[in-house]
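J.: Got a structure here, written out as structure tokens. Questions coming.
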Amino acid sequence: MKSFTNRLVIFAASAVALGTMAYGQTTMKAEIPFAFHTSNATLPAGNYIVDRLTTAPNTLRIYNTDTRRGAFVGSITVDWFNAVNKPVIVFACAEQDCTLREIRTSQGTYTYPEPHKTARARESVSMIQIPLTARNGD
């Protein structure tokens with residue numbers, strides 16, 4: 001009887017551990033209603049998937065499911081201590097031009113450099129946050 005109980009406890013502990021590991025690797029999705037720039041691409045408005053690359057720890061993939069086009073965005077810094085419960089993607093927008101600035105996830109905050117702009121252009125920047133939601137295997 002002890003053997004069965006031990007196996008049951010080990011199975012339950014494994015299920016909890018594996019469940020939390022899978023949760024930490026959740027692919028997120030967002031509907032971004034405007035075109036935006038990353039460090040290496042200009043992407044159109046649409047439905048996006050955001051996921052972390054396992055081969056490059058500071059790199060996320062942003063993939064447009066409508067156009068089947070995406071970009072890999074490497075973060076200058078990742079603040080592992082600044083994890084959030086409600087993930088968001090943050091853009092800096094000035095007039096008709098939006099640039100990716102941060103992606104805040106449960107694993108930390110990925111920060112992207114601000115492109116060089118004149119002082120006048122920096123004055124009229126507004127920060128826009130788009131919520132990220134967990135993608136259910138659709």
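Each value in this text was obtained by applying a stated rule to the coordinates, not by laboratory testing. All figures in this text were calculated on a predicted structure; none of them were measured in a lab. Cβ: placed from backbone, ideal geometry, glycine included. Neighbour counts: every protein chain shown.
J.: Gain in length, residue 135 to residue 59, computed as 0.36 nm per residue apart minus the alpha-carbon separation, to one decimal in nm?
T.: Numbers: separation 76, 0.36 × 76 = 27.36 nm, distance 1.88 nm.
Result for the pair: 25.5 nm of gain on full extension.
J.: When 130, 76, 32, 103 are ordered from fewest to most other Cβ atoms inside 10 Å of their Cβ, what list results?
T.: Numbers: 130 16, 76 10, 32 20, 103 25.
Starting with the residue having the fewest Cβ neighbours, the order is 76, 130, 32, 103.
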